[in-house]
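A short write-up of the structure that comes next.
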Amino acid sequence: MRVVPISLPTPFYIGPVNVYLIAEDPLTIIDTGPKTKETIDALRAGLRKAGYLVSDLRRIVLTHAHEDHCGLARSLRDEAKNAEVFVHNWETGHRHSRLEYEEHRTLLVRAGVPDAEIERMRGLYEYMRRYADSFGDDEYTSLWDEAELEFESGSLRILHTPGHTPGSCSFLREADRTIIAGDCVLKRITPNPVLSPDPIDPTRRFPSLAEYLVSLARLRSFSPTLVYGGHGEPIRDYEELFHRYFRAFQDRQGQVIGLVPKNGVTAWDVALKMFPHADDVHRFLSVSEAVAHLDLAHSEGKIGLELKDQTELYKPLT
Ligand SMILES: [Zn+2]
Ligand SMILES: [Zn+2]
């Protein structure tokens with residue numbers, strides 16, 4: 001099975017995104033890049049180099065529904081006529097309008113984010129939406145954990161690896177223990193467990209960091225020899241990266257617990273203390289990071305949590 005990585009430009013801070021062509025029947029691309037002219041031009045060039053055209057694609061598989069990964073899915077599908085689009089159905093919120101805004105707003109209010117900031121974040125959503133087409137429920141096929149994507153000479157096993165987003169999926173080729181992991185595993189940065197409504201009960205928060213730790217351990221159980229991430233170079237030493245991530249999470253948790261004063265604190269306050277200079281989308285990501293670590297510390301019984309006037313206050317244990 002020939003896996004052809006193609007690096008595509010994005011207008012985002014993260015830099016280029018990696019998409020992966022499985023150069024075999026049925027011709028499949030994993031992730032698409034955002035919807036920009038530069039990206040589609042680069043994708044066409046990458047496909048041509050491998051001997052293909054967009055119209056040859058039969059399957060468009062998405063690791064998750066962030067704009068830098070899914071933006072061109074509809075355009076590619078339309079151009080390739082009968083290509084089928086696959087994404088995990090826990091990515092629903094992203095597919096329609098990035099996230100269902102009201103559900104998300106509730107989570108931000110609960111995290112103590114001031115109204116003016118929430119409005120700014122809303123503006124950012126609108127801006128990000130330009131980089132991806134939305135999908136209706138009847139326009140995609142859901143990816144299922146442990147199902148196989150069959151190819152002429154083998155298959156890729158679908159692994160539901162939630163954390164970065166609720167519906168993030170990775171793809172395992174058992175023959176050589178290679179994994180395509182999207183933003184679940186990135187070489188140079190620790191992925192953000194993005195603040196999301198729980199897909200089963202959207203009034204609740206998805207326990208993103210707790211789920212993420214399970215996903216990382218699950219990937220480890222396959223002893224991967226090579227992991228292709230959504231950004232940056234592939235990872236040849238997953239074991240080293242796994243331990244590095246865990247040390248980083250432990251350090252961050254220690255830091256977060258240290259920022260919880262006697263009278264309590266919101267996730268927003270903690271985010272401002274951890275990342276005082278974050279702006280734009282990083283302001284949202286810093287809240288996400290704070291909530292993820294505070295929630296995990298709470299679920300591990302290390303700090304308390306109480307609801308006060310719609311806002312959650314994290315407190316030391318008495
Ligand atoms: Zn992502
Ligand atoms: Zn990404």
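Below is a table of values for the structure above.
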read-out: Listed residues A45, A111, A181, most fluctuating in the chain (Gaussian network, C-alpha, under 10 Å); value: A45
read-out: Positive minus negative residues near E312 (Lys, Arg vs Asp, Glu; Cβ under 14 Å); value: +1
read-out: Dmax and Rg, reported as Rg then Dmax, of the range 1-109 (C-alpha, Å); value: 14.5, 50
read-out: Distance histogram for the chain (every C-alpha pair counted, 10 angstrom bins, percent rounded to whole numbers); value: 6, 27, 34, 22, 9, 2, 0
read-out: Choice from L156, L53, L307 with maximal GNM fluctuation in the chain (Cα, 10 Å cutoff); value: L307
read-out: FRET efficiency, S299 to R2 (Cβ-Cβ, R0 41 Å, nearest 0.05); value: 0.45
read-out: Value of Rg to Rh for the range 241-289 (Rh from inverse mean 1/r over Cα pairs, i.e. Kirkwood); value: 1.02
read-out: Flagged links, alpha-carbon separation over 23 Å, of K187/K302; K262/K308; K35/K187; K35/K273; K273/K302; K49/K81; value: K187/K302; K35/K187; K35/K273
read-out: Antiparallel DSSP beta bridges within the range 21-162, as percent of all bridges there, nearest 5; value: 45 percent
read-out: GNM flexibility winner over the chain from N263, N82, N192 (Cα, springs under 10 Å); value: N263
read-out: Inverse mean reciprocal Cα-Cα distance (Kirkwood Rh) of the range 186-253, Å; value: 13.2 Å
read-out: For peptides 146-152, 67-73, sequence by mean Cβ density within 10 Å, most packed first; value: 67-73, 146-152
read-out: Label point at Y127 placed 7 Å out along Cα→Cβ; residues across the range 269-294 whose backbone nitrogen lies under 15 Å; value: 278-286
read-out: Mean Cβ count within 10 Å, highest first, over the residues of peptides 285-294, 209-218; value: 285-294, 209-218
read-out: The range 252-318, Cα convex hull volume normalised per residue, Å³; value: 81 Å³
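Quick note: the coordinates plus some simple rules give every number you see, no bench work behind them. What you see is a predicted model; the values in this text were computed from it and never measured. Every residue, glycine as well, gets a Cβ built from its backbone with ideal geometry; the counts of neighbours run over all protein chains shown.
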